[in-house]
Amino acid sequence: MAYQVASLAKLTEQFARIPGIGRKSAQRYAYYVLSQPQQYAKDFADALLDASKSIKRCSVCQNLTDGELCPICSAEGRDRSVICVVADPRDVVAFERMREYKGLYHVLHGLISPTDGIGPEELTVKQLLARLGSEVTEVVMATDPTVEGEATAMYLSRLIKPMGIKVTRLAYGIPVGGNLEYADDVTLCRALEGRNVM
Ligand SMILES: [Zn+2]
């Protein structure tokens, strides 16, 4: 059997779970943490726990926040008749950056992906459907133009349209296979303005 120290392997495993960190880097970080005085590990762990404890999901839109409601849901003057559905909290940041959109959001926290075992139950679909009252007249599907993004938009559209709510999809100013988060403001703005009815 290969040489392995269980707790070291466990620590390496945790670092390796972070997107963009390969096995080698993960191992380097694990060794680094262990080479430091124990206080370092304690400070590290405390910072992690503090952040994960104080940041939670907005009870309405599921965006990350440190209060009960996120600043967007609690803001006066937002158009409550439009909900823009995004996969990730970082997509909200991208939309807010262009200062053009005045409606609300709904964060799915992922996309439907059967190959990765992610179905609607793993996302915040239930919470989205629950907030579609009479006030909401349009839902904008702002998921990435990827296979998963399209599948998710189609799935939600089929559920929402029978409720008599207009469902629209961002226009393709965003390159197919592209990532909303990295779209520049002009592209994102055009994609929103030119959205199509699904
Ligand atoms: Zn919110």
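When you check residue 2 against the structure, is it part of a loop (DSSP other than H, G, I, E, B), more than 16 Å from the ligand (Cβ to nearest atom) and either open to solvent by less than 90 Å² (accessible area, probe 1.4 Å) or at pLDDT 95 or above (or both), yes or no? It is true that residue 2 is part of a loop (DSSP other than H, G, I, E, B), more than 16 Å from the ligand (Cβ to nearest atom) and either open to solvent by less than 90 Å² (accessible area, probe 1.4 Å) or at pLDDT 95 or above (or both).
Among residues of the stretch 93-119 that are farther than 16 Å from residue 183 by Cβ, those with a Cβ under 9 angstrom from a residue that is open to solvent by 60 Å² or more (accessible area, probe 1.4 Å) and assigned to a loop (DSSP other than H, G, I, E, B), sequence gap 6+ or separate chain, pair up as 102/77. Report yes if some residue within the stretch 72-84 is among the polar types (S, T, N, Q), away from the ligand (no atom under 13 Å from the Cβ), closer than 23 Å to residue 168 by Cβ and in contact (Cβ under 8 Å) with a residue 12 or more places away in the chain; otherwise report no. Yes, that holds for at least one residue.
Summed over the stretch 30-63, residues that are surrounded by 15 or more Cβ atoms within 10 Å (Cβ to Cβ) and part of a strand (DSSP E or B) total 1. Yes or no: the stretch 122-136 includes at least one residue that is at pLDDT 90 or above and touching a Phe, Trp or Tyr at 6+ places or on another chain (Cβ under 7 Å). Within the stretch 122-136, none of the residues are at pLDDT 90 or above and touching a Phe, Trp or Tyr at 6+ places or on another chain (Cβ under 7 Å).
I need a count of the residues in the stretch 37-63 that are hydrophobic (A, V, I, L, M, F, W, C), closer than 30 Å to residue 140 by Cα and more than 9 Å from the ligand (Cβ to nearest atom). Spell out the reasoning first.
Kept after step one, since they are hydrophobic (A, V, I, L, M, F, W, C), are these residues of the stretch 37-63: 41, 44-45, 47-49, 51, 55, 58, 60-61.
Cutting the leftovers down to closer than 30 Å to residue 140 by Cα gives us 55, 58, 60-61.
After this cut, where a residue has to be more than 9 Å from the ligand (Cβ to nearest atom) as well, the list is 55.
Residues flagged as hydrophobic (A, V, I, L, M, F, W, C), closer than 30 Å to residue 140 by Cα and more than 9 Å from the ligand (Cβ to nearest atom) within the stretch 37-63 amount to 1.
Residue check: residue 184 meets all listed conditions (1) of a type outside the set (Ser, Thr, Tyr); (2) surrounded by 16 or more Cβ atoms within 10 Å (Cβ to Cβ); (3) over 20 Å from residue 63 (Cα atoms); (4) free of Cβ contacts under 8 Å to residues at least 60 places away in the same chain but one, namely (2). Here the stretch 81-139 is the region considered, the condition is being more than 14 Å from residue 153 (Cα to Cα) and hydroxyl-bearing (Ser, Thr, Tyr), and the residue that is surrounded by the most Cβ atoms within 10 Å (Cβ to Cβ) is 105. Just one of the listed residues (155, 105) is of a type in the set (Phe, Trp, Tyr) and in a helix (DSSP H, G or I), and it is 155.
The values are calculated or read from the model by the stated rules, or taken from the named source; none is laboratory data. Only a predicted model underlies this, so the values are computations on that prediction, with no experimental measurement involved. Ideal geometry is used to build each Cβ from the backbone, glycine not excepted, and the neighbour counts take in all protein chains shown. These accessible areas exclude ligands, DNA and RNA; they are computed on the full protein's heavy atoms, side chains included. Shrake-Rupley method; radii C 1.70, N 1.55, O 1.52, S 1.80 Å.
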